[in-house]
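The values are calculated or read from the model by the stated rules, or taken from the named source; none is laboratory data. In this text, all values refer to a predicted model and were calculated from it rather than measured experimentally. Ideal geometry is used to build each Cβ from the backbone, glycine not excepted, and the neighbour counts take in all protein chains shown.
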Amino acid sequence: MRRRILFGLGAAAILASGPASLLAQTAAPAPFSKPPYPKPQDTEVWTPVPPVVTPGAVDAAPPSDAVVLFDGSNLDQWVNTRDKAPAGWTVGGGVLTVAKAAGNIETKRKFRNYQLHLEWRVPADVTGSGQSRGNSGVFLASTGAGDAGYELQILDSYNNPTYVNGQAASLYKQAAPLVNAARKPGDWQSYDVVWTAPVFAADGKLTAPARVTAFHNGVLVQNDVVLTGETLYIGKPFYRPYTTAPIKLQAHGDPSPPLSFRNIWVRDLPAAP
Ligand code: MG
């Protein structure tokens, strides 16, 4: 009991002195009372000038420096993950629809750090429940065959309970979304993602983990989340070294009707400082 009282007093003392001492440490330097007098210009930065980018007509449209991965017309930017043959999904009416038998597809291009926009739609007549209802996913880096990589989950999460770190907008089995911003089946939904790739030393050792910020239908769902490795169905995440990787879309094996995608674009970003 005595120990607890002493601890309580100590904690109170720290609380009482903490903010004041912090203020003392961060107090402004001496006032501008003697020369040389600082000028406003001292803290202005004029170069390098950020490049001009023309935004799309609406926020969902690709800006001028985007790589368009799917504009509704063809799958020229994509291949099957399994054999790198032309992507075997279906394009029609400006929309890309999963062909589950064809397996996952991935971009021909490889990326490191980027901003991604993509739109997806669970069919209005979706069936099933849990993970077997409108399951797909976007792998922010595809590091190998099948589902290897880092999956931002796509699922019908409109009144469809499942494990929360596997619902829509989760980083699969690593981070549940901050909120459930799902729209109902039949409605188009969007993801906007900032992917900061993991960094590996020459010997393959991890020097900086992967980070993800994501918005679902414009709502923040992942806020600079640090990943502990690739997203795995079974077992503990781990990292495998890579430098650049394709972006991959999942053909999930559940029997529910397939999802569709549209308006997919990406902007390369410089390495994190
Ligand atoms: Mg999935």
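Out of 160, 165, I need the residue that is part of a helix (DSSP H, G or I), within 16 Å of the ligand (Cβ to nearest atom) and not hydrophobic (A, V, I, L, M, F, W, C). Which one? It would help to see each step written out before you state the result.
Working: 160 fails: part of a helix (DSSP H, G or I).
Residue meeting the stated conditions: 165.
Of a type outside the set (A, V, I, L, M, F, W, C), within 16 Å of the ligand (Cβ to nearest atom) and buried (at least 23 other Cβ atoms within 10 Å of the Cβ), is that true of residue 147?
So residue 147 does not fit the description; no.
Can you tell me which residues in segment 176-234 are in a loop (DSSP other than H, G, I, E, B), touching a residue at least 60 places away in the same chain (Cβ under 8 Å) and crowded, with 18+ Cβ neighbours inside 10 Å?
Listed by number, the residues that qualify are 185, 197, 210, 227, 230, 231.
Go through segment 128-168 and give me each residue that's within 19 Å of residue 239 (Cα to Cα) and either modelled with pLDDT under 95 or of a type in the set (A, V, I, L, M, F, W, C) (or both).
138, 139, 140, 141, 145, 148, 152
Scanning segment 182-195 for residues that are of a type in the set (A, V, I, L, M, F, W, C) and within 15 Å of the chain's Cα centre (by Cα), which turns out farthest from the ligand (Cβ to nearest atom)?
From segment 182-195, those of a type in the set (A, V, I, L, M, F, W, C) are 182, 188, 193-195; that's our starting set.
If we keep only those that are within 15 Å of the chain's Cα centre (by Cα) too, we end up with 193-195.
Working: 193: 15, 194: 20, 195: 17 Å.
In this case the residue turns out to be 194.
Take the conditions farther than 15 Å from residue 79 by Cα, among the acidic types (Asp, Glu), out of contact with any Asp or Glu (no Cβ under 8 Å at 6 or more places or on another chain) and surrounded by fewer than 18 Cβ atoms within 10 Å (Cβ to Cβ) and apply them to residue 125. Does it pass?
Here the answer is yes, as residue 125 does meet what is asked.
Residue 271 fails exactly one of the following numbered conditions: (1) buried (at least 17 other Cβ atoms within 10 Å of the Cβ); (2) among the small types (Gly, Ala, Ser); (3) at pLDDT below 95. What is the number of that condition?
(1)
Taking the stated definitions as given, is residue 141 touching a helix residue (DSSP H, G or I) at 6+ places or on another chain (Cβ under 7 Å), away from the ligand (no atom under 12 Å from the Cβ) and either of a type in the set (A, V, I, L, M, F, W, C) or under 23 Å from residue 119 (Cβ atoms) (or both)?
Details: touching a helix residue (DSSP H, G or I) at 6+ places or on another chain (Cβ under 7 Å): no; away from the ligand (no atom under 12 Å from the Cβ): yes; either of a type in the set (A, V, I, L, M, F, W, C) or under 23 Å from residue 119 (Cβ atoms) (or both): yes.
Taking the combined requirement at face value, the residue does not satisfy it.
Looking only at residues in segment 235-252 that are among the hydrophobic types (A, V, I, L, M, F, W, C) and over 15 Å from the mean Cα position of the chain (by Cα), which one is nearest to the ligand (Cβ to nearest atom)? Quick ask: steps written out before the conclusion?
Step one: list which residues in segment 235-252 are among the hydrophobic types (A, V, I, L, M, F, W, C), which gives 238, 245, 247, 249, 251.
Checking the rest, the ones that are also over 15 Å from the mean Cα position of the chain (by Cα) come to 238, 251.
Numbers: 238: 19, 251: 10 Å.
Filtering segment 235-252 for residues that are among the hydrophobic types (A, V, I, L, M, F, W, C) and over 15 Å from the mean Cα position of the chain (by Cα), the one nearest to the ligand (Cβ to nearest atom) comes out as 251.
Regarding segment 116-129, can at least one residue be identified that is touching a strand residue (DSSP E or B) at 6+ places or on another chain (Cβ under 9 Å), within 14 Å of the ligand (Cβ to nearest atom), of a type in the set (Phe, Trp, Tyr) and part of a strand (DSSP E or B)?
Scanning segment 116-129, I find at least one residue that is touching a strand residue (DSSP E or B) at 6+ places or on another chain (Cβ under 9 Å), within 14 Å of the ligand (Cβ to nearest atom), of a type in the set (Phe, Trp, Tyr) and part of a strand (DSSP E or B), so the answer is yes.
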